[in-house]
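The values are calculated or read from the model by the stated rules, or taken from the named source; none is laboratory data. Fair warning: this is a prediction, and the values are worked out from it, not measured in the lab. Every residue, glycine among them, receives a Cβ derived from its backbone with ideal geometry; neighbour counts consider all protein chains shown.
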Amino acid sequence: MTPKRIGFVGFDGVTASHLVGPADTFSAAALDDGYSNRIPCYQVHVIGLSPACCRAESGMIFTPEETLEAVSEWDTIVVPGGKGLRKPEVCERIADWVLMHAKSDAAHERHDDQRWDAERDR
């Protein structure tokens with residue numbers, strides 16, 4: 001089984017518990033392989049607005065592993081809350097990125113549906 005990739009968007013002013021709590025929950029999910037070994041269900045990563053570290057409201061610092069521009073394919077993206085989302089430059093950047101990827105994914109899904117229909121009709 002290949003673990004699902006979960007990306008948490010980190011930004012200055014994020015609420016640490018909104019990032020850390022769900023990240024811990026995803027990280028804890030695992031399957032037993034039948035030999036007392038645990039197989040992780042998820043890979044959890046922090047995605048930054050830039051390569052620089054981001055500081056949570058509490059002062060906790062997160063180091064992104066990737067940036068929005070360099071993000072590869074993810075199974076799930078989580079945008080935690082926090083005062084930083086009230087800054088227009090942060091909110092608009094994240095919203096634009098999500099919208100761009102949602103449109104891209106929707107187009108990809110339509111293509112997959114059309115291909116499936118064509119193969120089914122053969």
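Here are some notes:
- Filter result for the condition that a residue is aliphatic (A, V, I, L, M) and part of a loop (DSSP other than H, G, I, E, B), over 95, 102, 70: 70
- Residue identified as out of contact with any Phe, Trp or Tyr (no Cβ under 9 Å at 6 or more places or on another chain), surrounded by 11 or more Cβ atoms within 10 Å (Cβ to Cβ) and modelled with pLDDT under 95 among 73, 119, 66, 109: 66
- The residues on offer are 27, 17, and the sole one that is out of contact with any helix residue (DSSP H, G or I) (no Cβ under 9 Å at 6 or more places or on another chain), without any contact (Cβ under 8 Å) to a residue 12 or more places away in the chain and surrounded by 14 or more Cβ atoms within 10 Å (Cβ to Cβ) is 17.
- Test: residue in segment 82-102 that is under 16 Å from the mean Cα position of the chain (by Cα), of a type in the set (Gly, Ala, Ser) and either loosely packed, with under 10 Cβ neighbours inside 10 Å or at pLDDT 90 or above (or both): yes
- Qualifying residue in segment 63-73 (condition: over 14 Å from the mean Cα position of the chain (by Cα) and not hydroxyl-bearing (Ser, Thr, Tyr)): no
- Within segment 40-63, considering residues that are part of a loop (DSSP other than H, G, I, E, B) and touching a helix residue (DSSP H, G or I) at 6+ places or on another chain (Cβ under 8 Å), the one surrounded by the most Cβ atoms within 10 Å (Cβ to Cβ): 56
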